[in-house]
Every structure is written in structure tokens, then in C-alpha cells.
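Each remark here refers to the structure printed beneath this line.
Quick note: the coordinates plus some simple rules give every number you see, no bench work behind them. Every value quoted in this text rests on a predicted model; they were computed, and no experiment measured them. Here the Cβ is made from the backbone with ideal geometry for all residues, glycine too, and neighbour counts use every protein chain on show.
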Amino acid sequence: MNKKELCELNTEELEAVITGLNEPRYRAGQIYTWLHKHGAKSFEDMKNIPVSLKEKLSESFRMTIAEPVEVLISKLDGTRKYVLALYDGNVIEAVLMRYKHGNSVCISSQVGCRMGCRFCASTLDGCVRNLTAAEMLSEIYRIESDIGERVSNIVIMGSGEPLDNYDEVVRFLRMISDKNGLNISARNITLSTCGIVPNIKRLAEEGLPVTLALSLHAPNQKKREEIMPIAKKYELSDVLEACRYYYNKTGRRLSFEYSVVKGVNDHKDEAEELSSLLSVFGKKERGGREGAFHINLIPVNPIKERDYQSPDRTTLYRFKDVLEKNGINVTIRREMGRDISSACGQLRRRHIENAGAGSD
Ligand code: SAH
């Protein structure tokens with residue numbers, strides 16, 4: 001029989017299973033705490049649960065979530081990049097970044113990705129499969145247990161397109177913010193999307209105030225199509241309209257990501273065009289409100305399979321200056337773990353190549 005992952009059950013589902021086995025309801029609470037607060041890795045770890053109940057559970061459920069198989073640690077800033085193995089032999093990557101305000105983890109939402117963005121390594125072999133909520137949770141749980149510290153912030157910006165795996169990602173969001181689990185507020189979670197319009201709108205209705213980050217990467221439809229194939233499916237004007245809808249529904253300040261590529265989207269005229277494109281969202285007010293959005297400029301991290309290069313500093317800062325002059329909140333993404341650098345999806349690929357295995 002194909003066993004289900006125990007960690008995948010939310011509180012109500014676990015209660016239904018436990019009462020269905022004629023066990024007292026409070027056992028569900030105890031088991032949930034073991035799994036989602038203490039990161040129990042096996043049935044044996046759950047000390048106060050009777051062996052008979054664990055035996056019954058193990059007939060239908062397994063506990064086999066992600067296991068770290070490689071960890072790279074930055075000597076510069078303590079960033080840790082993890083390769084985690086899943087029960088079926090697939091591997092994914094997750095990154096821990098240490099900030100003054102706490103520990104932030106960047107998680108993957110799929111094994112690979114099928115969105116095809118030109119500069120991204122995660123998409124080179126397409127999408128192998130979606131991750132389950134349990135697997136996404138275990139990325140966080142494994143990292144917490146590895147460092148012996150709490151994680152306070154999550155960014156869904158690793159491999160995969162979260163809104164292409166909608167149901168499991170929303171289940172993950174509910175469970176990670178559950179007060180009986182790690183209780184990480186949705187406000188401390190950022191979900192990054194290439195712009196799947198209907199699912200941005202759906203997410204706005206979930207009552208989960210996560211920060212939405214949109215991968216914009218271009219100041220107009222034509223350039224966006226060149227860089228991101230998904231742009232052919234969803235028009236830029238519709239994507240921005242969906243972001244506006246999200247902002248109006250949730251009140252969460254939007255984040256736009258712009259990977260800057262030398263000679264492709266880094267001209268100062270493109271910064272002007274970008275400024276007017278986003279002017280519908282209003283400007284930041286002097287000395288007052290922060291505005292409805294900010295832009296993160298990410299100098300592209302070159303991958304060997306493509307010839308996209310990072311812009312030089314002068315060009316990058318000129319681009320930033322134009323946006324600032326136009327009253328836009330803009331930051332250049334600080335690169336964490338430069339000495340163990342690898343762009344989204346590269347670490348996983350390297351690990352697979354070194355293991356001598358095929359990548360799918
Ligand atoms: N699919 C989602 C989330 C994963 S990618 C999305 O598209 O947003 C997370 C961010 O990293 C995206 O903005 C993506 O465009 C960017 N990114 C991926 N590879 C990159 C690279 N090599 N250099 C710079 N940014 C990259």
C-alpha cells in the first residue's frame with residue numbers, strides 16, 4: 001500500500017485519523033506537536049505516545065521527509081546552502097540566511113521548474129514534480145534542527161514556481177503559520193512568483209497576508225517575453241492588475257524583483273520606462289508613507305548554460321539612480337554567501353552531476 005506522509009496532515013485531519021483509530025483526541029495534539037514543533041524525524045522520537053498507537057499509525061503513514069545530504073557554509077556571513085534528499089531519491093535545495101533580525105530560509109516549491117526563465121538554472125531540465133506541503137515544511141524543520149535555532153522568516157524563492165503548485169503551497173502556508181506548529185506569521189513569509197495571474201487573485205482571497213514578490217525583470221511586454229516564456233501566457237498589464245488586486249485585498253506592500261542582465265534590460269531608458277510602468281502604484285511620499293511597493297534589483301547570477309552576464313557597477317547604479325529620482329523605493333539585493341555562491345537551482349544541478357546521476 002502507498003503510505004501517506006504523516007506530516008502532511010493538518011490538525012483536523014490528524015484528529016480524524018486518531019479518533020478513527022478509537023484513540024483519545026488529545027493524542028492528535030501531542031503527535032502534531034512532535035511533528036510540527038519539535039521536528040520529530042521518526043515514530044521513535046515521539047516519547048510520550050504509546051507504542052501500540054505508533055504501530056497502528058505506521059501501517060498507513062510514513063515519516064520519511066527531506067534529509068540534508070550536503071551543506072555548504074559561508075565563512076563570510078554564515079549563510080548555509082543545503083541539498084536535501086527526498087524519499088524518492090530526488091534532491092532539492094534550500095538556503096539559510098542569517099540577518100540581524102533573525103534567521104530566514106529560502107525554500108524550494110518544486111523539483112525543478114517548468115517556467116523556462118532564460119537566466120535561471122532551476123528550469124533547465126523542466127519540472128520533475130511538485131513538492132508536497134510536508135516536504136516544504138521539512139525544509140524548515142531540518143534546517144532548524146541542524147542549527148539548533150528558530151527560523152523567523154521564510155521566502156519561497158528557491159527552485160520552482162509556487163503558484164504552479166498552488167494547493168500544496170497554500171497548505172504549507174497554513175501549517176507553518178499554525179499556532180500548534182512553528183507559528184511563523186504569514187507576514188514574515190514572502191512568496192515569489194513569475195506571475196500566474198489567476199492564482200495571484202486566488203491567493204488574495206485566502207486570508208493569508210503573505211508578502212507577494214513579483215518577478216518582473218522587464219519594463220515592457222516585449223522584453224518580458226524574451227526573458228520569461230510565461231509572459232506570453234499572461235500579459236504584463238494583467239499581471240500588474242492582479243498585483244494591484246492583491247495589494248488592495250491584503251494591504252501588503254508589493255515587492256518587484258528585477259534581475260538585471262548586461263545589455264538586455266539594464267539601460268537607463270529602461271529604468272525610465274520601468275518607472276512609468278509602475279507609476280500606477282503611486283510614488284513613495286516624502287517623509288511619510290512607504291508607498292505600495294518597492295523594487296529589488298538582483299544583478300543576474302550567471303549560469304554556465306546561458307550567456308547572460310551581470311551588469312557593471314556603474315550601469316547598475318545608474319539604473320538604480322533613475323528609479324530613485326522617480327520616487328521609487330529601490331534596493332540592490334545583498335548577495336549572501338558569496339563564497340559559496342550558486343544561483344537558484346545551480347547547487348542541485350551540481351550535486352546531481354557530481355553524483356553521476358541523470359537529472360530527472
Ligand atoms: N518561480 C518564482 C520563484 C523562484 S525564482 C519566481 O519566478 O519568482 C526566485 C527569484 O530569483 C526570481 O525573481 C528569479 O527570477 C530569480 N533568479 C533566478 N535565477 C536567477 C539568476 N541566475 N540570477 C538572478 N536572479 C535569478
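Considering segment 180-195, and only residues there that are among the hydrophobic types (A, V, I, L, M, F, W, C) and under 15 Å from the mean Cα position of the chain (by Cα), the residue that is nearest to the ligand (Cβ to nearest atom) turns out to be 194.
From the list 44, 8, 13, the one residue that fits, being among the charged types (D, E, K, R) and crowded, with 17+ Cβ neighbours inside 10 Å, is 8.
Just so you know, in segment 199-224 the residues that are within 15 Å of the ligand (Cβ to nearest atom) and among the charged types (D, E, K, R) include one that is farthest from residue 117 (Cα to Cα), and it is 223.
Pairs are defined by a Cβ separation below 8 Å, a sequence spacing of at least 6 or placement on different chains, a first member in segment 115-129 that is over 21 Å from residue 234 (Cα atoms), and a second member that is in a helix (DSSP H, G or I) and within 11 Å of the ligand (Cβ to nearest atom); the pairs so defined are 121/346.
Do we have any residue at all in segment 218-227 that's in contact (Cβ under 8 Å) with a residue 40 or more places away in the chain, surrounded by fewer than 22 Cβ atoms within 10 Å (Cβ to Cβ), in contact with a Pro (Cβ under 9 Å, 6 or more places away or on another chain) and not aromatic (Phe, Trp, Tyr)? Looking for residues that are in contact (Cβ under 8 Å) with a residue 40 or more places away in the chain, surrounded by fewer than 22 Cβ atoms within 10 Å (Cβ to Cβ), in contact with a Pro (Cβ under 9 Å, 6 or more places away or on another chain) and not aromatic (Phe, Trp, Tyr), one finds none in segment 218-227, hence no.
Residues in segment 141-179 that are of a type in the set (S, T, N, Q), more than 16 Å from the ligand (Cβ to nearest atom) and touching a Gly at 6+ places or on another chain (Cβ under 7 Å): 145, 152. Name the one entry in 258, 246 that is farther than 19 Å from residue 164 by Cα and in contact (Cβ under 8 Å) with a residue 24 or more places away in the chain. Step by step, each of 258, 246 is checked, and only 258 is farther than 19 Å from residue 164 by Cα and in contact (Cβ under 8 Å) with a residue 24 or more places away in the chain. Tell me which residues, restricted to segment 164-183, are surrounded by fewer than 20 Cβ atoms within 10 Å (Cβ to Cβ) and in a loop (DSSP other than H, G, I, E, B). Matches in segment 164-183: 178, 179, 180, 183. In the set 76, 72, 53, 57, only one residue is in contact with a Lys or Arg (Cβ under 8 Å, 6 or more places away or on another chain), over 21 Å from residue 149 (Cα atoms) and not basic (Lys, Arg); that residue is 53. Of the residues making up segment 137-163, just one is of a type in the set (Val, Ile, Thr) and assigned to a loop (DSSP other than H, G, I, E, B), namely 151.
Using the structure shown, decide if residue 318 is within 20 Å of the chain's Cα centre (by Cα) and among the basic types (Lys, Arg). So residue 318 fails the test. All of 85, 133 fail the test of being in contact (Cβ under 8 Å) with a residue 24 or more places away in the chain and among the aliphatic types (A, V, I, L, M), apart from 133.
The residues of segment 95-137 that are closer than 20 Å to residue 166 by Cβ and small (Gly, Ala, Ser), listed by number, are 108, 109, 112, 116, 122, 126, 133, 134. Restricted to segment 1-25, and to residues there that are acidic (Asp, Glu) and in a helix (DSSP H, G or I), the residue that is nearest to residue 64 (Cα to Cα) is 8.
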